[in-house]
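Working notes, beginning with the structure itself.
The values are calculated or read from the model by the stated rules, or taken from the named source; none is laboratory data. Quantities reported herein were computed from a predicted structural model and do not represent experimental measurements. Cβ sites come from the backbone with ideal geometry, for glycine too, and all protein chains shown count toward neighbours.
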Amino acid sequence: MSDIPTATLGRVVTYVRVLEELEAQNVQQASSGDLARRAGVTPFQVRKDLTYFGRFGTRGIGYTVAVLRRELLRKLGLDQTWNVVIVGMGRLGHAIANYPGASDYQFRNVGLFDVAPDVVGREVRGLTIQHIGQLGPFVASVAGTPRQVDLGLLTVPAEHAQAAAQALAAAGVGGILNFAPAVLQTQDLLVSTPTGEREVTVENVDFLAGMKRLAFYMLGPQTGPTEEST
Ligand code: NAD
């Protein structure tokens, strides 16, 4: 499953949301056309994307909504709880920590970290912001229990992103969602696993990059986005 194109993964996450909407409307069966219309893609694209995850649906009948949703959630790892820490509790860190929607997908904030003396010690939705120096002991304290820290959200200024990412890796956090406009040097971000060391997996999020692309597309119809081949 590791060779799934990023664009496919993005669309499949959208199909899961569409399936959830259909389930909420008590729709039990859906064709690839139904999913495609709601996801804004072609039926062929839906069928092609789903082949990466298994064989689903019956010709002429379509997909059983609950079954397809459950299977996709399982294969995406969204049927299990992912414990998250946020490093950098400024404006963005606070906004994310205060957003309740992530828990719909089993992402659970378990720890909040910062360096600023006026930020450390504050409470956000029942969690006390700790000093970044406490990250290692905190992660160690939860590892091996039913809780462990799986993911780190990085919301520090760009100039501190690499050091903060290194603190996450050193503490044993294997996945980082990086909001800072900085390219993390992943060769320096090694995390120990039972089978040896591996590089931390980094996913970058940048809404300003999206705005820049949009500005370019707005220059004229000839510059509009085109569908990727993957
Ligand atoms: P902010 O200045 O309000 O907050 C940053 C926080 O990080 C501060 O509380 C600071 O004390 C803390 N910090 C600094 N160094 C740290 C370290 N080593 N460990 C732990 N905490 C540390 O900034 P903001 O507006 O919340 O933005 C945060 C980051 O997110 C910036 O890099 C910004 O450019 C980026 N950002 C990205 C997007 C996006 O779409 N990806 C959108 C907005 C902001």
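General remarks:
Every residue, every condition in (1) modelled with pLDDT under 95; (2) of a type in the set (D, E, K, R); (3) within 15 Å of the ligand (Cβ to nearest atom); (4) closer than 25 Å to residue 11 by Cβ, yes or no:
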site	(1), (2), (3), (4)
132	no, no, yes, no
135	no, no, yes, no
141	yes, no, no, no
165	no, no, yes, no
177	no, no, yes, yes
213	yes, yes, yes, yes
220	yes, no, no, no
223	yes, no, no, yes
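- Residue check, residue 78 part of a helix (DSSP H, G or I) and surrounded by 15 or more Cβ atoms within 10 Å (Cβ to Cβ): no
- Residues located in region 173-213, provided they are part of a loop (DSSP other than H, G, I, E, B), touching a Ser or Thr at 6+ places or on another chain (Cβ under 8 Å) and β-branched (Val, Ile, Thr): 200
- You will find that of 40, 62, 54, 88, the residue that is on the phi > 0 side of the Ramachandran plot, at pLDDT 95 or above and touching an Asp or Glu at 6+ places or on another chain (Cβ under 8 Å) is 88 and no other.
- Subset of region 186-199 [surrounded by 12 or more Cβ atoms within 10 Å (Cβ to Cβ) and either within 16 Å of the ligand (Cβ to nearest atom) or of a type in the set (D, E, K, R) (or both)]: 188, 189, 198, 199
- Just one of (1) touching a helix residue (DSSP H, G or I) at 6+ places or on another chain (Cβ under 7 Å); (2) modelled with pLDDT of 85 or more; (3) not polar (S, T, N, Q) fails for residue 228. It is (2).
- Residue match in region 73-88 (condition: more than 23 Å from the chain's Cα centre (by Cα) and free of Cβ contacts under 8 Å to residues at least 24 places away in the same chain): no
- Extreme residue, nearest to residue 163 (Cα to Cα), among residues of region 189-211 that are over 22 Å from the mean Cα position of the chain (by Cα) and of a type outside the set (S, T, N, Q): 197
- Search result, residues across region 116-138 that are more than 24 Å from residue 101 (Cα to Cα) and of a type in the set (A, V, I, L, M, F, W, C): 116, 120, 132, 135, 138
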